[in-house]
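Working notes, beginning with the structure itself.
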Amino acid sequence: MINFLAIIQARINSNRLHNKVLLEFNGVKLINIIIKNLKKSKYIDKVVVATGDKILNEDLIKAVKKHKNECFIGDEYDVLSRYYKCAKKYKAKNIVRITGDCPFIDGEIVDNLIKIYNKNNADYASNTLQPTFPDGMDAEIFNFISLEKANKFSRKKNYREHVTPYIIKKSNFKKVNYLLKKDYSNYRITLDNYDDLVRINNIFTKFKNKKNTNYKNILKYIEANPSIFKVKSSIRNLGSKTINGQKLWERAKQIIPGGNMILSKRPEMFLPGKWPTYFSKTKGCKVWDIDNRAYQDFAYMGVGTNLLGYSNAKIDKSVFEVIKKGNLSTLNAKEDIVLAEKLISIHPWAHMVRFARSGGEANAIAIRIARAATGKDNIAVCGYHGWHDWYLSSNIQNKKNLDSHLLSELKIDGVPKKLKGTVFPFVYNDYNKLENIVKTKNIGVIKMEVMRNLLPKKDFLVKVRKLASKKNIVLIFDECTSGFRETYGGLHKKFKVEPDIAIFGKTLGNGYAINAILGKREIMQAAQTTFISSTFWSERIGTTAAISALTEMERIQSWDIVSSKGRNIKSKWKQIFNNNKIKADIFGIQSIPSFVFQSEN
């Protein structure tokens, strides 16, 4: 029987800093540094690295065994069972638990903890119950009997992922804590993210050529350099306090600017620290997160894309058939023609179509075509139309120009200053403002959403159409959001006002990337006099999905279904707010109902 078995918990697929246990410091991999430090202990009888899935962690296993160290392979995610089976295999009486993000754990720290553990005849001992050590010098000890109970009775996922929460929270285990005379708990020398990596490198560089460096020397050094190592907002043992989606988000922010590709899916927009953030699968109106928890999606279904439900069987089937036969080749896809003809038949005022794959680029294409057709640069704009330079340039003149157009405080770094004075915003239903812009700014294009939150008043859309026609201005309706929700086609059909160009996206492919720019022949032909081209606009997954989605919409008359549901939801909200004396504004087209509380909070 082994009296004290040190088990180092490590795996390659760390949620916040991938591959961290194999990072090298002074030419030695982190995992081997931790092993070497533990082997300085007088009381530890054996050191074992316990990792997960053999294929996922193959490089880690090789690195450990290369130096004749032992490795145990257990469950990738159920770390409690991994510890239990490892301890049972080695017939351990007591287990020292160390995690792979503590490069400065010291054999002397463990020995002092073992002395306290033995002296108090404890079931569990650590230096983290009331932390005084820096975050990154953590150690726990518990006996096999306690581990066996935890493995048997722990049901919560969090308990099984982090090994000791059951023992810590149950009162029937005798627990003791190892305290330092001075409190260093606000210092951070763990390795969880890229910011930590800078701090860790600093210590390894400082002590590179010094032999027998112990934790006391490191404590003196970090205390002398508080600006480097003291972190006010650090959450100790973050991994045990956050869900996996949030852990992955922290990792994403280190390697992807902003963390993801779209502002509307950032967890800070919703419930910081708690939002599930990442999905594993979808079906109908349900989304499963990466911990396999199911949610009903009341959050606009993929930023408004999946009108017919997630993973729609008929649409997916048509896409799978395309994938089998090939998505993109040197030749063109006939689906472009089929979809173009279908969209024109739904909108008889239009004669020609171009396709893109995202809303922002579709809006930019429409602007380019309209400018080419009119020979004028200046645009009057209302609503939100994406991230491209032409749109953001409105904020060069006044950084708040676009604040009332869905998103406020849009940044303009990188937008050419020479675009100043080319885009002029007007507020929905303010016809006088638009008329004044047209009179004074040599406008060639009016670009707007048909409707977002407010209904048109006093024939607003009709007046805009007449103004555009009178002044030979190209009128563009951005229907990326509103299209196919309240009519079979653009929302403009409901108000009986026809644009010169209309843009459709989001619902068009029911989750597959496809956007369409429809227009009158005399305007769309201008696309031939300017260069507009991109390789992946010619793939056929998007067009195939759109053809199938339009067929399914027409079959079930989806616009009537979602509009009816929206009216019902608005009615129920109103009833709930009135019954509870809550002041709230309810707005939006029937198919996209929204509300906001009238409150300072």
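The values are calculated or read from the model by the stated rules, or taken from the named source; none is laboratory data. In this text, all values refer to a predicted model and were calculated from it rather than measured experimentally. Virtual Cβ from ideal backbone geometry, glycine too; neighbours counted across all protein chains shown. Calculation scope for accessible area: heavy atoms of the full protein, side chains included, ligands and nucleic acids excluded. Shrake-Rupley method; radii C 1.70, N 1.55, O 1.52, S 1.80 Å.
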Any idea which of THR132, LEU180, THR164 is furthest toward the positive side of the dipole for region 120-188, if Lys and Arg beta-carbons carry +1 and Asp and Glu beta-carbons -1?
THR164
Treating the Cα atoms of region 475-601 as identical point scatterers in vacuum, please give the log10 of the normalised Debye intensity I(q)/I(0) at q = 0.22 Å⁻¹, two decimals.
-1.27
Rounded to whole Hz, the Karplus (6.51, -1.76, 1.60) HN-Hα couplings of region 351-358, x for glycine and proline:
10, 9, 9, 10, 10, 9, 10, 9
Taking the Cα centre of the chain as the origin, how large is its charge dipole in debye, to the nearest 20, when only Lys and Arg (+1) and Asp and Glu (-1) carry charge on their Cβ atoms?
1440
Quick check: from the Cα gyration tensor, does region 1-83 come out rounded (a/c under 1.5), prolate or oblate?
oblate
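Going highest first, how would you order 2-8, 94-100, 248-254 by mean Cβ packing within 10 Å?
94-100, 2-8, 248-254
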Quick one: of the DSSP bridges fully inside region 43-174, what percent are antiparallel, nearest 5?
65
Over region 327-368, equivalent-ellipsoid semi-axes from the Cα gyration tensor in Å
19, 17, 8
Determine the gain in length on full extension of the stretch LYS265-MET1; use 0.36 nm per residue of separation and subtract their C-alpha separation, reporting nm with one decimal.
89.8 nm
DSSP-defined antiparallel bridges as percent of all bridges, the chain, nearest 5:
45
How large is Rg over Rh for the chain, taking Rg from the Cα atoms and Rh as the Kirkwood inverse mean of 1/r across Cα pairs?
1.09
PHE279-GLU435 FRET efficiency (beta carbon distance; Förster radius 51 Å; 0.05 resolution)
0.65
Report D for region 393-495 in µm² per second (integer): Stokes-Einstein, Kirkwood Rh on Cα pairs, 4 °C, 1.567 mPa s.
87
Using C-alpha positions alone, give me the convex hull volume of region 1-142 per residue in cubic angstrom.
112
Rolling a 1.4 angstrom probe over the protein heavy atoms, how many square angstrom per residue are accessible across the chain?
51
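Rounded to the nearest 5, what is the percent of antiparallel bridges among the DSSP beta bridges in region 440-523?
Counting DSSP beta bridges with both partners in region 440-523, the antiparallel share is about 35 percent.
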Going from most exposed to least, what order do THR213, THR205 have by accessible area with a 1.4 Å probe?
THR205, THR213
Considering every pair of different Cα atoms, what Kirkwood radius, in Å, is found for region 61-120?
13.6
Rank-order 560-571, 163-174 by packing density, defined as the average count of other C-beta atoms within 10 Å over each peptide's residues, highest first.
163-174, 560-571
Using the alpha carbon gyration tensor of region 89-152, what are the three equivalent-ellipsoid semi-axes (square root of 5 times each eigenvalue), largest first, in whole Å?
20, 14, 11
Lys/Arg +1, Asp/Glu -1 at C-beta; the chain dipole; positive extreme among ILE98, HIS385, ALA373
ILE98
Cα centre as origin, Lys/Arg/Asp/Glu Cβ charges: region 349-422 dipole, Debye
200
Which of the peptides 390-397, 68-75, 518-525 is most tightly packed, and how do the rest follow, going by the mean number of other Cβ atoms within 10 Å of each residue?
390-397, 518-525, 68-75
Based on the alpha-carbon gyration tensor of region 276-387 and its eigenvalue square roots a ≥ b ≥ c, which shape applies: rounded if a/c is under 1.5, prolate if not and a/b is larger than b/c, or oblate?
oblate
Percentage relative contact order, region 455-530, counting C-alpha pairs under 8 Å, at least six apart
24
Dipole magnitude of region 527-596 about its Cα centre (Cβ charges: Lys, Arg +1; Asp, Glu -1), debye to nearest 20:
560
With all protein chains present, the chain has a carbon and sulfur share of its accessible area (1.4 Å probe) in percent of 52
Normalised by the number of residues in the chain, what is the relative contact order in percent for Cα pairs under 8 Å and 6+ residues apart?
10
